[in-house]
Every structure is written in C-alpha cells, then in structure tokens.
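Since the structure comes first, as structure tokens, the remarks are kept for the end.
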Amino acid sequence: MCAARSSRRSADKIEEKAYVVGPDAARLVAQSVASDAVCSAMEGGFLIDRVAAILLVSPDPRALADFYRNTLGMPLEDEEHPGVPLHYGCDVGGVHLAIHSSAGFAGVPARDAQSPVMVLGTSSVRAVAERLSASGVQTTGPTDHGFGLIVSFRDPDGNLVEVLEEYEAPKTSESAPAAQAADS
C-alpha cells in the first residue's frame, strides 16, 4: 500500500471530527487528497478522476448558446470571470458546459482532425429527436448501439452532438454461491 494512503485514512478520521479539530483538519484532508492522487498514479490508477468542463469555442457563441437553449432546453447563463470575456455556461450532470468566443481564445484550431463528439444524456431520446426535428435540425437516429439509443446531429457550428438514452442495467439477484450458502 502506498504510504500516503495510510495518512489518507488518518485524515478521513480527522475529517469526521473536523467540527472538533478545526481548520487544521481541512489542510490535512487537502493534503491527503493530493497524496491519494499521487498514489493512484503510482499504483497504475487514474491520475485524472473526472471531467471538469466541456468548452465549445465558437465564432458566434451567443447564437450557439441560443441554439442549445432553444432546441434542448439547456439552462445556459451569461458568465464572466476576471480576464475572460462574456461566455455562456451551465452544469449538466456534474460537468460544466461553456460556450466561448473563438476571438482571442487561447486554443489552436485543428483543421486536420475530426472534432470531438459531445454526448449528452437523457431519459427520453425519442422526445429529444422530436424536439430537434420540430426545430428544423437534421438528425440521424435514434439508433440502437447495444447499450442505449442515440440520436445524432450537428449544431450550427458543425460540432457532432449525440444524445444518449442508456438502457437500464439488468438487475442481478444474489450471486449463486451466496444463494447456495443460504440454502445450506
């Protein structure tokens, strides 16, 4: 076991009693989280543990935000941060989605690569497909991909977007060995 992990366990105990220990607990917990990330990387785990944001960079961010608001009902709001021009963002399933202007954006256009595919989740892909169609958006699908139904389309900037309705995972009962042990 990674040595830093054992201090993580100590930090977890301290965090549980943080109301007693005070501000030092927060510092120790932050250190233990960083140690845990290093241990994961050292033990062959993932150093990246989540998707924090998806940024769409557009020559007309307001129009693209309006498209996502009007066709998919996404709650994109005006956002401004120090040193960053007005852009539009919202949180979707714990991931921040933001639409920025390409004017002055630090990224470099990739002309010889396919664009990334943004996959959004829904509980009713057919309703999404109907709404897109009613808005004049050309769609493909819904098509069955084995794990769920997907409708695909291109947004006004040409980004490929898929909307996925995942099938429910089959519910499993007790494992056979546990069931057999219970019968004995």
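Numerical summary
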quantity	calculated
Residue satisfying condition, being in a strand (DSSP E or B), closer than 19 Å to Val163 by Cβ and without any contact (Cβ under 8 Å) to a residue 24 or more places away in the chain, within set Asp91, Asp66, Asp78	Asp91
The listed residue being hydrophobic (A, V, I, L, M, F, W, C), closer than 14 Å to Tyr68 by Cα and part of a strand (DSSP E or B), out of Leu164, Leu149, Leu86, Leu120	Leu120
Check on Val128, part of a loop (DSSP other than H, G, I, E, B), surrounded by 13 or more Cβ atoms within 10 Å (Cβ to Cβ), aliphatic (A, V, I, L, M) and at pLDDT 80 or above	no
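The values are calculated or read from the model by the stated rules, or taken from the named source; none is laboratory data. Since the model is a prediction, treat every value here as computed from it, not as a measurement. Here Cβ is always computed from backbone atoms with ideal geometry, including for glycine, and neighbour counts include all displayed protein chains.
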